[in-house]
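> Got a structure for you, written out below as structure tokens; questions coming shortly.
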Amino acid sequence: MVRAGVFPSSPLRHHHSFSTRTLHLFHDLFCRCPRLSIQPYIKALCDVQGFPFRPYLMHQFSSAYDAYLEVKARVRKLVAQALHRDSPDWRITHACSCCQYELEEDSSLDIRMMVAMDGNDSLKRVADSGVIERLDPRQAGGDYFLSRAAVNEWAEENWKNATPWIPGNSFREWVWKTGRCEEKWHNASDKNTGKSWAKFDENGIFLLICRHGLVLSLADMVKLGERAKYSLATMHHFLEAERRRRISNGEDGPPRGKLCFAYDVGCTNSKTVQCSPLASLAEYMGYLPAVGTMHGYAHERACQLNFLLLYLTGACHAGLEDGETCKQYFSKSNALASATRHASVFHRRQMITEYTYHTDNFEMYGNLSKFLRNHYKQALEILSTAESLKVRMRKAGIEDARIIFQWLEEEAAYLQNLSKEPLAETLQMEYYGRLVALKECQAVLKEARHAWLSYRPGEQDYTAALERTQRHAQENDFGRINKQNR
Ligand SMILES: [Zn+2]
Ligand SMILES: [Zn+2]
């Protein structure tokens, strides 16, 4: 029984308890500084009280804190019920007011919503070898986390005979067949997953997040599994909830505008989506695969032409959107790692969920106005350069900006028909590369000569070092020229 203002550390015989204020303070400190674990907090409380620290106090505090969070969760549920926001899909379909609250008078956008997804292995949990963990029937994770069973349904062995849906885009199909992103990107490969992570039970989390940083879906990544199932499961969680919302709202037909999914291996992931049973739902909801602008430049050129965010109409917003929201989120959530590494299954999820709930409702949501204001100001700054851009384009002989898309199409056709680099182009590139190197060598030689001439007697004697530098620069210079003359 919970007495007013006090939470006991055991359910039946109460000898010790913690005040609600003490628990509340720890909760808020942890949400603001996830590095903080129970141990330093209890030690600090002992210091304040002039009481020697005893390890059993941590266990007592942990039990009382579990009860406190359970009460908190039930209060949140009652508030949600009172506001009629307690349906299973409510949170995921109303997570972001900017992305998901559409007005009838809004004009339709090419891309109606942008989300990002990625896995992160910082929030691992070490498997205690030789120690049998006590069975804990409690489930944490709220409506953020997908269950392991829901994720495993999307393992390839369950759908490998599904009929692939091939979009009518021969260039994309060609990139899927001939592209080498799967070999190059470790993230897209399952080979490394099991080996290096064997000592961990949960290897991290997979995150689906909107472009404003509000979390849509989370899944635990567990050992020995292909990575594709996490992206498929979280995508299905979101897309199916959105589809159900449309039906319940009486909206007919597919939604207006595309739904862009940015992922650092968006190219290979899109191939998996098209081959999986998710394909028809993805097509209906306007799935548009993309690769974020930071990771995009490490992909092949043909892949970039298909998936780079910069080239997707309505996605990049003149460079203001990079599709790397997950990276920004992980840079903060990684601070949880020290607390989750040795926690139990239940407590690890409990910490991640509390942190996510707090970040969504007290940080990201509160920062939305600032986010929009800053982006609006940046957009105005970019628009103010439109005139000078026009002048520069005219000078370069470009009358209409739409020709840039034509260039991209021409480049795609060129790459598709290219079986081997033409000899003349290879030679031109090589010659240019050597000219650049020659210029660099000449600059070094000039500097070395200048240093030699400006030597004054009485200063420290660097003659030997200067002579050596000049000789090396000269040798490099002659080397370049001889190579080019050959
Ligand atoms: Zn690629
Ligand atoms: Zn959003």
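Only the coordinates and a few stated rules stand behind these numbers; no lab work does. It should be emphasised that the depicted structure is a prediction, and the values quoted were computed from it without experimental measurement. When we count neighbours, we look across all protein chains shown, and the Cβ atoms used for this are built from the backbone with ideal geometry, even at glycine.
> So what's the projected area for segment 1-58, the Cα convex hull averaged over all directions, in nm²?
4.4
> What does the charge count near Lys332 come to, summing +1 for each Lys or Arg and -1 for each Asp or Glu among other residues with Cβ under 15 Å from its Cβ?
It works out to a net charge of -2.
> For segment 389-437, what's the radius of gyration and Dmax over Cα atoms, in angstrom?
For segment 389-437, the Cα radius of gyration and maximum Cα-Cα distance read 15.4, 38 Å.
> At 20 °C and 1.002 mPa s, what whole-number value in µm²/s does Stokes-Einstein give for the translational diffusion of the chain, with Rh from the Kirkwood sum over Cα pairs?
79
> Normalise the Cα radius of gyration of segment 340-382 by 2.2 N^0.38 Å (N = residues in it) and let me know the number.
Computed over Cα atoms of segment 340-382, the ratio equals 1.81.
> Moving on to the next point. Tell me the relative contact order for the chain as a rounded percent, counting alpha carbon contacts under 8 Å between residues six or more apart.
Relative contact order here is 17 percent.
> Give me the distance in nm between label points sitting 7 Å out from Cα along the Cα-to-Cβ direction at Leu418 and Thr463, one decimal.
For Leu418 paired with Thr463, the spin-label model returns 5.5 nm.
> Taking the Cβ of Ala412 as the center, what net charge do the other residues with Cβ under 11 Å away carry, scoring Lys and Arg +1 and Asp and Glu -1?
-1
> Run lengths n ≥ 4 of DSSP H only: what is the helix-derived mean residue ellipticity at 222 nm for the chain, with -39500 (n - 2.57) per run over all residues, to the nearest 500?
Taking each H run of at least 4 residues, the total per residue is -16500 deg cm²/dmol.
> Another question about this same structure. In degrees between 0 and 90, to the nearest 10, how far off the longest principal axis of the chain does helix 20-32 point, with axes built from Cα atoms?
10
> Just need the Rg to Rh number for segment 298-450, please, alpha carbons only, Kirkwood Rh.
Ratio of gyration radius to Kirkwood radius for segment 298-450: 1.14.
> Give the value in nm², to one decimal: projected area of the alpha carbon convex hull of segment 38-96, averaged over all directions.
Computed as one quarter of the Cα hull surface, the answer is 6.0 nm².
> If each residue's Cβ is checked for other Cβ atoms within 10 Å, how do His450, His236 rank with the fewest at the top?
Fewest-to-most ranking of His450, His236: His450, His236.
> Where the eigenvalues come from the Cα gyration tensor of segment 1-126, what are the semi-axes √(5λ) of the equivalent ellipsoid, largest first, in whole Å?
Largest first, segment 1-126 gives 40, 20, 12 Å.
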